[in-house]
């Protein structure tokens, strides 16, 4: 009886293994044939690479770059919006080179932030516009006893508050800034630490990947498609080239799925979430498993508030004075109030100098005017006009703080 039972169990296992193997072969062929459906997503491209991994602060921009970014819709059609990107010798978004040594007559401001500071989709970034405004303020320079005010832009797009203490320690601190400005948007509160690099796929396909851990490599399950390719549509057929890049990335991600794991994928597909079994061999642009960036965000809002608050306290402890701006997204401008998440963080940060910049921008603006502050309808980052407008509001805050500090001393 025992032998018969054992023999039956063995046959059941053998049959299941064969079924599982056949299902996985079928599943691979099916997913491989769905490349078009599963690569239906928006993306951008750069004329040449711009990102390089940096283990000390996540990533860096290539120095001395004269780049250009283009936007595309889901079907790889070029959208009527592009931008020019200039980085200096230190990889900052600026056309002016920076030196580590500070002259006695120079006042320095270090900016920590995300893509609302290092904006790849606009020609103008507000830290540069702020520098122009401050240097035109002769009264302020006299009060400071300086002849020059330099604004150093250490912004990194796609990063969050958790990352910026390291950006300060490893990059900004050596420039000996006199003032630090932290500029965050609501999404920055829930962003995890991110690493980025430009990876090669196939013979001539390059794409940016974002990861929540090192290494930045296609084999790392914590790495995700960053939807930014190296493609210059002025010299290449953008549709043909983007199809090739999307396909090469898709194939690489497809191979990364756990095809040889002992997980019962066939049962998981049959039960589809029941009994705690969820399919893992999925590859859809709308799902987080292979393409999405959801693993780069915290799931728990309260946890993210605690982590972000700790990051702000770290920066404030590392440098005084520190000025903190909450930069509103277009949805918050339309609503006339900051997101509940941002409001919770600002309420928790009682002893920190946080300015809700939504209240400092022109009040009562119409929806059409607000849209002009951003690159709508193609992109939700600040437009050239919006960057200059925001710099004016930032200038008032900086001027007020520095004049008050100069009088106190």
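Residue 254 meets each of the listed conditions (1) in a helix (DSSP H, G or I); (2) surrounded by fewer than 21 Cβ atoms within 10 Å (Cβ to Cβ); (3) at pLDDT 95 or above apart from (3). Screening 33, 76, 95 for residues that are in contact with a helix residue (DSSP H, G or I) (Cβ under 9 Å, 6 or more places away or on another chain) and surrounded by fewer than 18 Cβ atoms within 10 Å (Cβ to Cβ) leaves exactly one candidate, 95.
The single condition from (1) assigned to a loop (DSSP other than H, G, I, E, B); (2) modelled with pLDDT under 95 that residue 17 fails is (1).
Just one of the numbered conditions (1) free of Cβ contacts under 8 Å to residues at least 60 places away in the same chain; (2) outside the structural domain of residue 352 (by TED's automatic domain parsing) is not true of residue 206: (1).
Among the numbered conditions (1) assigned by TED's automatic domain parsing to the domain that holds residue 397; (2) modelled with pLDDT under 95, tell me where residue 183 comes up short. Just one mismatch for residue 183, condition (2).
Within segment 299-313, the only residue that satisfies the criterion of being at pLDDT below 95 and touching a helix residue (DSSP H, G or I) at 6+ places or on another chain (Cβ under 7 Å) is 301. In this structure, is residue 285 modelled with pLDDT under 95, within 30 Å of residue 186 (Cβ to Cβ) and either assigned to a loop (DSSP other than H, G, I, E, B) or over 27 Å from the mean Cα position of the chain (by Cα) (or both)? Yes. Look at residue 48 and say whether it is assigned to a loop (DSSP other than H, G, I, E, B) and more than 19 Å from the chain's Cα centre (by Cα). No: the conditions fail for residue 48.
Out of curiosity, is residue 98 assigned to a loop (DSSP other than H, G, I, E, B), within 19 Å of residue 165 (Cα to Cα), at pLDDT 95 or above and in contact with a strand residue (DSSP E or B) (Cβ under 9 Å, 6 or more places away or on another chain)? Spell out how you get there, then give the answer.
Values: assigned to a loop (DSSP other than H, G, I, E, B): yes; within 19 Å of residue 165 (Cα to Cα): no; at pLDDT 95 or above: yes; in contact with a strand residue (DSSP E or B) (Cβ under 9 Å, 6 or more places away or on another chain): yes.
Against the criterion (assigned to a loop (DSSP other than H, G, I, E, B), within 19 Å of residue 165 (Cα to Cα), at pLDDT 95 or above and in contact with a strand residue (DSSP E or B) (Cβ under 9 Å, 6 or more places away or on another chain)), residue 98 does not qualify.
So is residue 323 in contact with a strand residue (DSSP E or B) (Cβ under 9 Å, 6 or more places away or on another chain), assigned by TED's automatic domain parsing to the domain that holds residue 117, over 26 Å from residue 80 (Cβ atoms) and assigned to a helix (DSSP H, G or I) or not? Don't jump to the end; show me each part of the working.
Details: in contact with a strand residue (DSSP E or B) (Cβ under 9 Å, 6 or more places away or on another chain): yes; assigned by TED's automatic domain parsing to the domain that holds residue 117: yes; over 26 Å from residue 80 (Cβ atoms): yes; assigned to a helix (DSSP H, G or I): no.
It is false that residue 323 is in contact with a strand residue (DSSP E or B) (Cβ under 9 Å, 6 or more places away or on another chain), assigned by TED's automatic domain parsing to the domain that holds residue 117, over 26 Å from residue 80 (Cβ atoms) and assigned to a helix (DSSP H, G or I).
Within segment 138-157, being surrounded by fewer than 24 Cβ atoms within 10 Å (Cβ to Cβ) and either out of contact with any strand residue (DSSP E or B) (no Cβ under 8 Å at 6 or more places or on another chain) or without any contact (Cβ under 8 Å) to a residue 60 or more places away in the chain (or both) holds for 138, 139, 141, 142, 143, 145, 146, 147, 148, 150, 157.
The values are calculated or read from the model by the stated rules, or taken from the named source; none is laboratory data. Bear in mind that the values here come from a model prediction, so they are computed numbers and not experimental data. Here the Cβ is made from the backbone with ideal geometry for all residues, glycine too, and neighbour counts use every protein chain on show.
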